[in-house]
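Visitor: Before anything else, here's the structure in question.
The values are calculated or read from the model by the stated rules, or taken from the named source; none is laboratory data. The structure displayed is predicted, hence computed values, not measured ones. Here the Cβ positions follow ideal geometry from the backbone for every residue, glycine too, while neighbour counts run over all protein chains shown.
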Amino acid sequence: MSPRHRVTVHDRQNNRVLSADIEEGRYVLEGFEASGQPLPFSCRNGCCTACAVRVLSGELDQREALGLSHDLRRQGYGLLCVARAYGPVTVETQDEDEVYMLQFGNAFGKGTVRAAIPLEEE
């Protein structure tokens, strides 16, 4: 049997604190669902920011978090759908739009978007 680690989530959007003992190597989101405490999510693949958190203490394994740059991971952001805890950890949920803009905002407003192939007139 794998060791279990206490994961605490400060859910800012719903003004609640949740805790669960998650089996080592299991995704945090799955562990909370198994304990009857669902958390926000969308893609379950680490590609969006619906389950974004900021680590307050401890560490999350985020190697599968494609929706977070290495820079944001170094700043303590994580995605619970693909996060694994290998020790006790406390996190705080983030506003999805805020994390999305931190991740992808630099790609917006960079000029006119042009079609690669000219559109035919009808």
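Visitor: Criterion first (of a type in the set (Ser, Thr, Tyr), outside any loop (DSSP other than H, G, I, E, B) and in contact with a Leu (Cβ under 8 Å, 6 or more places away or on another chain)) does residue 49 satisfy it?
Guide: no
Visitor: Further question: State which residue pairs qualify: first residue more than 13 Å from residue 80 (Cβ to Cβ) and inside region 12-24, second residue in a loop (DSSP other than H, G, I, E, B) and of a type in the set (Phe, Trp, Tyr) in any location, beta carbons under 7 Å apart, and separation of 6 or more residues or different chains.
Guide: Once the first residue is more than 13 Å from residue 80 (Cβ to Cβ) and sits in region 12-24, its partners that are in a loop (DSSP other than H, G, I, E, B) and of a type in the set (Phe, Trp, Tyr) give 24/86.
Visitor: If I filter region 93-110 for residues that are within 22 Å of residue 25 (Cα to Cα) and either assigned to a strand (DSSP E or B) or modelled with pLDDT under 90 (or both), do I get at least one hit?
Guide: Within region 93-110 (the criterion being within 22 Å of residue 25 (Cα to Cα) and either assigned to a strand (DSSP E or B) or modelled with pLDDT under 90 (or both)), the answer is yes, since at least one residue qualifies.
Visitor: While we're here: Can you tell me how many residues in region 27-39 are surrounded by fewer than 16 Cβ atoms within 10 Å (Cβ to Cβ) and outside any helix (DSSP H, G or I)?
Guide: 4
Visitor: I'm trying to understand the selection: among the residues of region 1-26, which are in a strand (DSSP E or B) and of a type in the set (S, T, N, Q)?
Guide: Across region 1-26, the qualifying residues are 8, 19.
Visitor: A follow-up question, please. Looking at region 59-88, which of its residues are charged (D, E, K, R) and in contact (Cβ under 8 Å) with a residue 12 or more places away in the chain?
Guide: 59, 61, 64, 84
Visitor: Of everything in region 10-46, what is among the hydrophobic types (A, V, I, L, M, F, W, C) and out of contact with any helix residue (DSSP H, G or I) (no Cβ under 9 Å at 6 or more places or on another chain)? Give them in sequence order.
Guide: Residues satisfying the conditions are 17, 34.
Visitor: Would a scan of region 65-86 turn up a residue that is in contact with a helix residue (DSSP H, G or I) (Cβ under 9 Å, 6 or more places away or on another chain), at pLDDT below 95, closer than 20 Å to residue 10 by Cβ and surrounded by fewer than 18 Cβ atoms within 10 Å (Cβ to Cβ)?
Guide: Within region 65-86, one or more residues are in contact with a helix residue (DSSP H, G or I) (Cβ under 9 Å, 6 or more places away or on another chain), at pLDDT below 95, closer than 20 Å to residue 10 by Cβ and surrounded by fewer than 18 Cβ atoms within 10 Å (Cβ to Cβ).
Visitor: Name the single residue, out of those in region 1-23 being in contact with a His (Cβ under 8 Å, 6 or more places away or on another chain) and of a type in the set (Val, Ile, Thr), that is surrounded by the most Cβ atoms within 10 Å (Cβ to Cβ).
Guide: Here the residue is 22.
Visitor: Here's another thing I want to ask about it. May I ask you to list pairs of residues, at least six apart or on different chains, whose Cβ atoms are under 7 Å apart, with the first in region 45-57 being under 19 Å from residue 86 (Cβ atoms) and the second being of a type in the set (A, V, I, L, M) and modelled with pLDDT under 90?
Guide: So the pair list comes out as 46/66.
Visitor: What's the total number of residues in region 44-64 that are surrounded by fewer than 20 Cβ atoms within 10 Å (Cβ to Cβ) and more than 10 Å from the chain's Cα centre (by Cα)?
Guide: Here the count works out to 8.
Visitor: Right, another one. Run down 104, 32 and say which single residue is free of Cβ contacts under 8 Å to residues at least 40 places away in the same chain and of a type in the set (Phe, Trp, Tyr).
Guide: Criteria check complete, one pass: 104.
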